[in-house]
Amino acid sequence: MSKKPGKGGGRNARMTEEKRLLYMQQKPQAEEDIAKRKEDMLTHFLNDKLQKEERNTILNLHKLRQQWRAVLTQTKTAELR
């Protein structure tokens, strides 16, 4: 695809040389900041998910133990009769 004649070449063509230089210097920093924010957000999400999972694990283990005790009690009661 060729560029249309008469077009200046986009955003960089309208910038002065100083602005273009400043933009080229700030662009990597901005990309790094965005990547850092994404990483922080992902870390926060995963930590929340891990806490929920640990909480659910504790609850489920409690339920299992409670059911196991009920089964043992029923078995013991049947044996004693």
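Applied to region 41-52, the Karplus parametrisation 6.51 cos²θ - 1.76 cosθ + 1.60 on θ = phi - 60° returns per-residue 3J(HN,Hα) values of 5, 5, 4, 4, 4, 5, 5, 4, 5, 5, 4, 4 Hz, with x for Gly and Pro.
Quantify, in whole percent, the carbon and sulfur part of the accessible surface of region 10-81 (1.4 Å probe; protein heavy atoms only). Of all accessible area on region 10-81, carbon and sulfur atoms account for 57 percent.
Dipole of region 38-81 computed with +1 at Lys/Arg Cβ and -1 at Asp/Glu Cβ about the Cα centre; of Gln51, Ala70, Met41, farthest Cα towards the positive end is Ala70.
Our coupling estimate for region 55-60, obtained by passing each phi through the Karplus curve with A = 6.51, B = -1.76, C = 1.60 and θ = phi - 60°, is 5, 5, 4, 4, 4, 5 Hz, Gly and Pro reported as x.
The values are calculated or read from the model by the stated rules, or taken from the named source; none is laboratory data. Just so we're clear, the structure is a prediction, and the values are computed from it rather than from any experiment. Every residue, glycine as well, gets a Cβ built from its backbone with ideal geometry; the counts of neighbours run over all protein chains shown. Surface accessibility is based on the protein's heavy atoms, side chains included, excluding ligands, DNA and RNA. Shrake-Rupley method; radii C 1.70, N 1.55, O 1.52, S 1.80 Å.
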